[in-house]
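To start, the structure itself, in structure tokens.
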Amino acid sequence: MKETRYVFVTGGVTSSLGKGIISSSLAKLLQGWGFSVTIQKLDPYINIDPGTLNPYEHGECYVTEDGAETDLDLGHYERFSNTPTSQANNITTGRIYQSVINKERKGEFLGSTVQVIPHITDEIKRCIQILGNTGKYDFVITEIGGTVGDIESFPFIESIRQLRWELGNRCVTVHLTLVPYLSAAQELKTKPTQHSVKSLQEQGVQPDIIICRCEKHLSDSIKAKIALFCNVSKNAVIECMDAESIYDVPIAMMHEHLDEVILEKTNTPKPAKINIDEWMHFLERLHNPKHQVTVALVGKYVELTDAYKSIREAFIHGGVANETKVKIVSLHSEKINDENAAEMFAGVDGILVAPGFGNRGVEGKIAAIRYARENKVPFLGICLGMQCAVIEFARNVLGYKDANSAEMNPDTDYRVIDIMAEQKHIMNMGHTMRLGAYPCQLEKGSKLIEMYGSEMISERHRHRYEFNNKYLDEFQSHGLKVAGRNPDANLVEAVELEGHPWFVGVQFHPEYKSTVAKPHPLFTGFVKAMLEYEKKNKQ
Ligand code: GLN
């Protein structure tokens, strides 16, 4: 049983400073020292999970192995640490209250008034320690969403205050703030950081380490000033400059000795040597690509970089595996049609049609797929992207002009994508889809089995609708072949097009499982196919 140490990561001054990347980077460094680490996110909003939030509100919804719909930062945690997360790694205020209220209804607090302190804070503390109490981890890093001073995060900060008292030097608090540069004054300004630390102190929490996001280097005197005003040692004021890639941040933090300060402050004996050779090797390949390809990302949220976060990152990993820089051009599906497709896709080496929900933009996705199919452009369709590939094939090859998904047109005679039987009677929207990891058996002779190098795989799902097996034989005999199916339910999980260099549709989400240490074989394979297409086109 390990004696787990806890690292709390709070944020101040503004949101979007990158607490998720800092937490992930710290995890990577601690792993490099040989420690086992997990990262958890506490989100202050009242939704039970982000599954019902649209991407404008919250970016991508990230799905874990156990089917939790979670914050996109968990994607970073997995990509950096190469360790799967679970529901226990993402807790919201909604979930905390739900659990306390359920207990109240069961009579567990009979006779007492249920209050924020101690009932809500006890539940938060319990959730923070669930992962630590498994005995599996040397370190649990807990990222607190939002910014200190927000009304909604008070109970979380209060719980940290209590835990610091209970756990003593087994925990450490890291505060990430902004040190802005005022060009008129040509100066970095520490006042916002001072205010933000003060706000944390008012809530009874003294940060041990302050990480300063900045555009210019922090001089020694600025570091000394922050240390003096904020009650931290000077070596605990860490500079974090904007980096070229998020994957550079662990190294930047190592140069600032963040990992060593954490070990020192938690009284953790420092092992002999850190090993991050693999990470360095990845960075070297990332920054020195030998080739470049361009992929069109077709979706309806393309203007939001966070909406398809995992897909974008998976292209970076798959690119590095091929020593290739993958340039992503985002194309709004509502703007694509059969007439302009050739113009829209001029110069691209591959087309990815993104996952999604609802009717908006679907016809554009179908037009994009038709173009990829007819012009032999490498194509990957993910979830709704695969469903659209099936619809496109039914309409333009099988001749069912009215073919559709029951999601888009429940009245069509040709529901080639249909609602799953077990979904038909579900009324609630939250956590009611086919979620999480399911096994998939790959077809012998398929491209997929070659790429994965194994017959039985496991991939994560998030959908309500499925390929309609009623049409299976017709699709297969015309060339759209099943490449993978669920061995228990016989659901079609992957399709490939015969006679096309690389045309793959998957009902699951490969992007969730791609990490720096293990680039996903489908993305690696897709990039390789794009490289071949690009070479051929150049000749
Ligand atoms: N809307 C589709 C479904 O529910 C696809 C979902 C997705 O792309 N994640 O089946």
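I'd like to check something: does segment 219-229 contain any residue that is at positive phi and not aliphatic (A, V, I, L, M)? Checked against the condition, which is being at positive phi and not aliphatic (A, V, I, L, M), segment 219-229 yields no hits at all.
When segment 265-288 is examined, which residues are found to be outside any helix (DSSP H, G or I) and open to solvent by 70 Å² or more (accessible area, probe 1.4 Å)? Those that are outside any helix (DSSP H, G or I) and open to solvent by 70 Å² or more (accessible area, probe 1.4 Å): Asn267, Pro269, Lys270, Ala272, Lys273, Asn275, Asn288.
Among the residues of segment 123-142, those identified as over 15 Å from Thr83 (Cβ atoms) and either open to solvent by less than 10 Å² (accessible area, probe 1.4 Å) or not basic (Lys, Arg) (or both) are Glu123, Ile124, Cys127, Ile128, Gln129, Ile130, Asn133, Gly135, Thr142. Scanning segment 198-210 for residues that are open to solvent by less than 40 Å² (accessible area, probe 1.4 Å) and either under 14 Å from Phe8 (Cα atoms) or assigned to a loop (DSSP other than H, G, I, E, B) (or both) yields Leu200, Gln203, Val205, Pro207, Asp208, Ile209, Ile210.
Being within 26 Å of Lys191 (Cα to Cα) and surrounded by fewer than 21 Cβ atoms within 10 Å (Cβ to Cβ) is a property that does not hold for Ala236.
Among the residues of segment 371-386, is there at least one that is on the phi > 0 side of the Ramachandran plot and either within 15 Å of the ligand (Cβ to nearest atom) or β-branched (Val, Ile, Thr) (or both)? Taking every residue of segment 371-386 in turn, at least one turns out to be on the phi > 0 side of the Ramachandran plot and either within 15 Å of the ligand (Cβ to nearest atom) or β-branched (Val, Ile, Thr) (or both). Within segment 376-398, identify whether any single residue is without any contact (Cβ under 8 Å) to a residue 24 or more places away in the chain and more than 26 Å from the chain's Cα centre (by Cα), and answer yes or no. There is no residue in segment 376-398 that is without any contact (Cβ under 8 Å) to a residue 24 or more places away in the chain and more than 26 Å from the chain's Cα centre (by Cα). Among all positions in segment 32-41, there is no residue which is more than 13 Å from the chain's Cα centre (by Cα), at pLDDT below 95, within 24 Å of Thr515 (Cα to Cα) and part of a loop (DSSP other than H, G, I, E, B).
Candidates Gly484, Gly479, Gly505, Gly499: the one that is out of contact with any Gly (no Cβ under 7 Å at 6 or more places or on another chain), modelled with pLDDT of 95 or more and among the small types (Gly, Ala, Ser) is Gly484. In segment 429-449 there is at least one residue matching the filter, namely being within 13 Å of the ligand (Cβ to nearest atom) and open to solvent by 40 Å² or more (accessible area, probe 1.4 Å).
Across segment 45-64, the number of residues qualifying as farther than 20 Å from Glu511 by Cβ and open to solvent by less than 10 Å² (accessible area, probe 1.4 Å) comes to 0.
The values are calculated or read from the model by the stated rules, or taken from the named source; none is laboratory data. As the structure is a computational prediction, the values presented were derived from the model and not from experiment. Virtual Cβ from ideal backbone geometry, glycine too; neighbours counted across all protein chains shown. Areas reflect the complete protein model, heavy atoms only, side chains present, ligands, DNA and RNA absent. Shrake-Rupley method; radii C 1.70, N 1.55, O 1.52, S 1.80 Å.
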